[in-house]
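The values are calculated or read from the model by the stated rules, or taken from the named source; none is laboratory data. From a predicted model like this one, the values you see are computed outputs, not experimental measurements. Note that each Cβ is placed from the backbone with ideal geometry, even for glycine, and that neighbours are counted across all protein chains shown. Calculation scope for accessible area: heavy atoms of the full protein, side chains included, ligands and nucleic acids excluded. Shrake-Rupley method; radii C 1.70, N 1.55, O 1.52, S 1.80 Å.
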Amino acid sequence: MYSLSLREILETHHGVTAGKFSYGSLLSIGHADRHTTIGNYVSVGPNVRRFGAAHPLNHAALHPLFYNPALGLVHADGDVDRTSCRIGHDAWIGANVTILPGCKSIGMGSVVGAGSVVTKDVPAFAIVAGNPAKIIAHRFTDDHQADIIKGEFWRLEPSQAARTVSELNSRMRSK
């Protein structure tokens, strides 16, 4: 959750950017493909994986030796498409979730239920679950979402963020 060294290693050597105070299995080497960006205060359960590429179904062979230039046999222009994915601030991704290349964004404040397979983008503040993951609910009204976004607690250090979140909770209960 606090390691700046881990974040530097992930970004420099693996192409994964992890925001402040985010934690979980996507911060383990090899669990998130390069071009993965994780916002601040993201909670990730165990055994979550993010894949940015799939085996090329239109190639004669499916093994990565025949398309992945990092393995030394093919030129860079023979590689498969490798997608990026941005996981928004304060998202919660449950245990055993698989995020496939079709998902380019998991929105701020969203929840991905345990065991889900995410094949497409997840809107901010949505709750998704299943295989494939589908929206089952939204966490807040549009007004509450706007208040949270305006509060920008994810930009703050934990002590100040805690005060801001407490104030947001109080305002939402009074509406």
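Observations, loosely collected:
- Residue within the range 148-160 that is open to solvent by 30 Å² or more (accessible area, probe 1.4 Å) and touching a strand residue (DSSP E or B) at 6+ places or on another chain (Cβ under 8 Å) present: no
- Output for the range 109-123, where each listed residue is open to solvent by 30 Å² or more (accessible area, probe 1.4 Å) and of a type in the set (Ser, Thr, Tyr): THR119
- Some residue of the range 98-108 being farther than 30 Å from ALA146 by Cβ, open to solvent by 70 Å² or more (accessible area, probe 1.4 Å) and of a type in the set (D, E, K, R): no
- Going through (1) of a type in the set (A, V, I, L, M, F, W, C); (2) modelled with pLDDT under 95; (3) within 10 Å of the chain's Cα centre (by Cα) one by one, VAL80 falls short only on (3).
- Residue in the range 74-90 that is within 30 Å of LYS150 (Cα to Cα) and without any contact (Cβ under 8 Å) to a residue 24 or more places away in the chain present: no
- Summed over the range 124-133, residues that are surrounded by fewer than 16 Cβ atoms within 10 Å (Cβ to Cβ) and not polar (S, T, N, Q) total 2.
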